[in-house]
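Working notes, structure below.
The values are calculated or read from the model by the stated rules, or taken from the named source; none is laboratory data. These numbers come from a predicted model, not from an experiment. Using ideal geometry, Cβ is built from the backbone for each residue, glycine included, and neighbour counts are taken over all protein chains shown. Accessible surface areas use protein heavy atoms only, side chains included; no ligands, DNA or RNA. Shrake-Rupley method; radii C 1.70, N 1.55, O 1.52, S 1.80 Å.
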Protein chains: 2
Amino acid sequence: MTKINSVAVVGGTHGNEFSGIYLLRKWKNNLNLISRGSFSVQTVFANPKAHEENKRYVDSDLNRQFDIAELANLDLANYEQSRAKVINNQLGPKGDAKTDFIIDLHNTTSNMGPSLILLQSDEFNCKMGAYVKSRMPEAVVVFEDHASVEEHYFLSSITPQGVIVEIGPQPQSVIRQDVLDWMEDMTRHILDYVDLHNTNALPELPSSYEAFEYKETLKLPENENGERIGMVHKNVQDGDFKQLNSGDPIFTLFDGSEISWEGDYEAYPHFINEAAYYDNNLAMSLAKKRIVEV
Amino acid sequence: MTKINSVAVVGGTHGNEFSGIYLLRKWKNNLNLISRGSFSVQTVFANPKAHEENKRYVDSDLNRQFDIAELANLDLANYEQSRAKVINNQLGPKGDAKTDFIIDLHNTTSNMGPSLILLQSDEFNCKMGAYVKSRMPEAVVVFEDHASVEEHYFLSSITPQGVIVEIGPQPQSVIRQDVLDWMEDMTRHILDYVDLHNTNALPELPSSYEAFEYKETLKLPENENGERIGMVHKNVQDGDFKQLNSGDPIFTLFDGSEISWEGDYEAYPHFINEAAYYDNNLAMSLAKKRIVEV
């Protein structure tokens, strides 16, 4: 990994995820809090109109608009599709970006604690996870490296290196102090890591650590008309990153009956009952555990 | 108290409070679950358009539209003002209602557990609190009897007798099983109570119980321009109905400084950091403890 010269810290990609938006306001007048000696830093308020309207998005989810072909398709012109093109122009363009590293700040209603989502498992990312966990033992590292960075359509995929900071539980349109503090801490540790990487000053890191890798997404139970007929089982609710075994109840139908998970691996649910995912009737993501060698 | 002949169970007064809406769907096909021998029952889906748009309200908060003068003012004609007039016509009219009793089902993002909000402290209501708590020890009873029922502008104030079932914590636009179960249980106990009252068959009740009475509402810290400059202190977050003493930290400002509560009574915060109250920059309500003699 070469040196990271320019960093963008992005908040408000979803307008009702308040922590990043409030941190941007704080940092605007205190840029020293996110500045480091070895790179330049800028902040980006990604979706101000959605925040004004106090919702996740106006027309479509901004954090799903960074597919290279779609960025190039000028017929895709709704608010978020337009914002994506503007942000891609400002920080990218994807594939040949003028920015080296993006930190995109998100909240979830799920009980995920302070989570660091990494889109690839190269040495730079693996060490970042080790560094952040060494500074913040409650941090959870999740690899979403089932697709290449370029194939991902997240905002942070504009740059070859980029992370998603995902902190919960926080209801939409609320600021919780614990969640805000976690987000600020994790962002600080990531920026420190980039600076230490740049200056060849990384401390000794643990030789391995426990992380998670994304496997699949489960839908909420539906009937043949696509209507929701059940909910996340109360034993699973709030149990993000707790082990789920084949045969464990996972959904309760509104008629009172239960559905068990019949999988062939030890699963670790996360994004459990995330409010924003009801749009697509998603119940949770499942991960496998991964031991990362540093 | 005379006999209760007609009951309305209302859900979806706020379109993104899902528990009541899902229970209405369940009961629609199983009216026996909410029917009792001594009264007739109907269900009302109060704000379907807000639910369709997945928000609390379309134009204004429906649960603030039941002021008698405003109900009579035909110039107040936005969506919720119109819905209020329709519902008042269906269940009321307020002041001379054809319905005897309303149960209005709500969720909060605050950690209030299963709460029963009573708008007056007459014998019927005091005994209802005792009955519900005897069947459901985790239930919390809150009296909002600082104003008369007629002076209240809540939907449930259409009828001389009416209650608000308020269950959390649940993020907006989510269904949690624990919250749904609590709401169904509390509604069942209330309906049982009304039936036992009607048939003079109430069991022996505890001679007194602990409840809360609404005192005041606190705003989030603002600067001179009315901009939010702080948040609920992490020590208070999730501590609904836990004692707050003068001198306890209550807010953390975004600059890191803290504000303490300087009150002259033992306060019990609730509706702490409720998402919907950010519209008016409200931080929480405070109650005093009250021992209710039955």
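Are any of the residues in segment B:160-171 assigned by TED's automatic domain parsing to the domain that holds B:Q90 and more than 15 Å from the chain's Cα centre (by Cα)? Yes, segment B:160-171 has at least one match. Please find, within segment A:137-146, the residue that is nearest to A:I167 (Cα to Cα) out of those that are out of contact with any helix residue (DSSP H, G or I) (no Cβ under 6 Å at 6 or more places or on another chain) and in contact (Cβ under 8 Å) with a residue 24 or more places away in the chain. Applying the filter and picking the extreme gives A:V140. The single residue among A:E17, A:E52, A:E70 that is under 30 Å from B:G230 (Cβ atoms), open to solvent by 50 Å² or more (accessible area, probe 1.4 Å) and acidic (D, E) turns out to be A:E52.
Six or more apart or on different chains, Cβ under 6 Å: which pairs go from a residue in segment B:178-200 that's within 14 Å of another protein chain (Cβ to nearest Cβ) to one that's open to solvent by 30 Å² or more (accessible area, probe 1.4 Å)? Could you list them? Note: pairs meeting the criteria are B:D178/A:K234.
Matching residues to (1) surrounded by fewer than 24 Cβ atoms within 10 Å (Cβ to Cβ); (2) over 15 Å from A:V194 (Cα atoms); (3) not assigned by TED's automatic domain parsing to the domain that holds A:D195:
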{"site": "A:V10", "(1), (2), (3)": "no, yes, no"}
{"site": "A:T13", "(1), (2), (3)": "no, yes, no"}
{"site": "A:R25", "(1), (2), (3)": "yes, yes, no"}
{"site": "A:S38", "(1), (2), (3)": "yes, no, no"}
{"site": "A:A46", "(1), (2), (3)": "no, yes, no"}
{"site": "A:D59", "(1), (2), (3)": "yes, yes, no"}
{"site": "A:R64", "(1), (2), (3)": "yes, yes, no"}
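Considering the conditions (1) more than 13 Å from every other protein chain (Cβ to nearest Cβ); (2) more than 17 Å from the chain's Cα centre (by Cα), A:H51 is excluded by exactly one of them, (1). Please tell me if A:K98 is surrounded by fewer than 16 Cβ atoms within 10 Å (Cβ to Cβ) and in contact with a helix residue (DSSP H, G or I) (Cβ under 8 Å, 6 or more places away or on another chain). Yes: the conditions hold for A:K98. For segment A:204-246: of the residues being over 30 Å from B:W27 (Cβ atoms) and either open to solvent by less than 40 Å² (accessible area, probe 1.4 Å) or without any contact (Cβ under 8 Å) to a residue 12 or more places away in the chain (or both), which is farthest from the other protein chains (Cβ to nearest Cβ)? Within segment A:204-246, the match that is farthest from the other protein chains (Cβ to nearest Cβ) is A:E204.
Examine segment A:197-204 for a residue that is closer than 16 Å to A:G37 by Cα and touching a strand residue (DSSP E or B) at 6+ places or on another chain (Cβ under 7 Å), and state whether such a residue exists. Yes, segment A:197-204 contains a residue that is closer than 16 Å to A:G37 by Cα and touching a strand residue (DSSP E or B) at 6+ places or on another chain (Cβ under 7 Å).
Applying a threshold of 8 Å to beta carbon distances and a minimum spacing of six or more residues, or different chains, the list of pairs starting in segment A:264-285 at a residue that is away from chain B (no Cβ under 14 Å) and ending at one that is in a loop (DSSP other than H, G, I, E, B) and surrounded by fewer than 17 Cβ atoms within 10 Å (Cβ to Cβ) reads A:D264/A:S246; A:E266/A:Q243; A:E266/A:N245; A:A267/A:Q243; A:A267/A:N245; A:Y268/A:K242; A:Y268/A:Q243; A:P269/A:K242.
Restricting to segment A:247-263, and then to whatever is open to solvent by less than 30 Å² (accessible area, probe 1.4 Å) and hydrophobic (A, V, I, L, M, F, W, C), can you tell me which residue is farthest from the other protein chains (Cβ to nearest Cβ)? My answer is A:W261.
When A:R83, A:R64, A:R56, A:R25 are checked against the criterion of being of a type in the set (K, R) and within 16 Å of A:R188 (Cα to Cα), a single residue qualifies: A:R25. A:N235 - would you say it is under 26 Å from the mean Cα position of the chain (by Cα), outside any strand (DSSP E or B) and polar (S, T, N, Q)? Yes; evaluated as a whole, the condition is true for this residue. Considering only segment B:170-181, I want to know if a residue exists there that is open to solvent by 40 Å² or more (accessible area, probe 1.4 Å) and more than 25 Å from B:T2 (Cα to Cα). Yes, there is a match, as at least one residue in segment B:170-181 is open to solvent by 40 Å² or more (accessible area, probe 1.4 Å) and more than 25 Å from B:T2 (Cα to Cα). Looking across B:L31, B:L24, one residue alone is within 13 Å of chain A (Cβ to nearest Cβ) and aliphatic (A, V, I, L, M). It is B:L24.
Scanning segment A:142-169 for residues that are buried (at least 23 other Cβ atoms within 10 Å of the Cβ) and farther than 21 Å from A:K85 by Cα, we see that the one that is farthest from the other protein chains (Cβ to nearest Cβ) is A:V142. All of B:L218, B:L202, B:L286, B:L196 fail the test of being at pLDDT 95 or above, part of a helix (DSSP H, G or I) and of a type outside the set (D, E), apart from B:L196.
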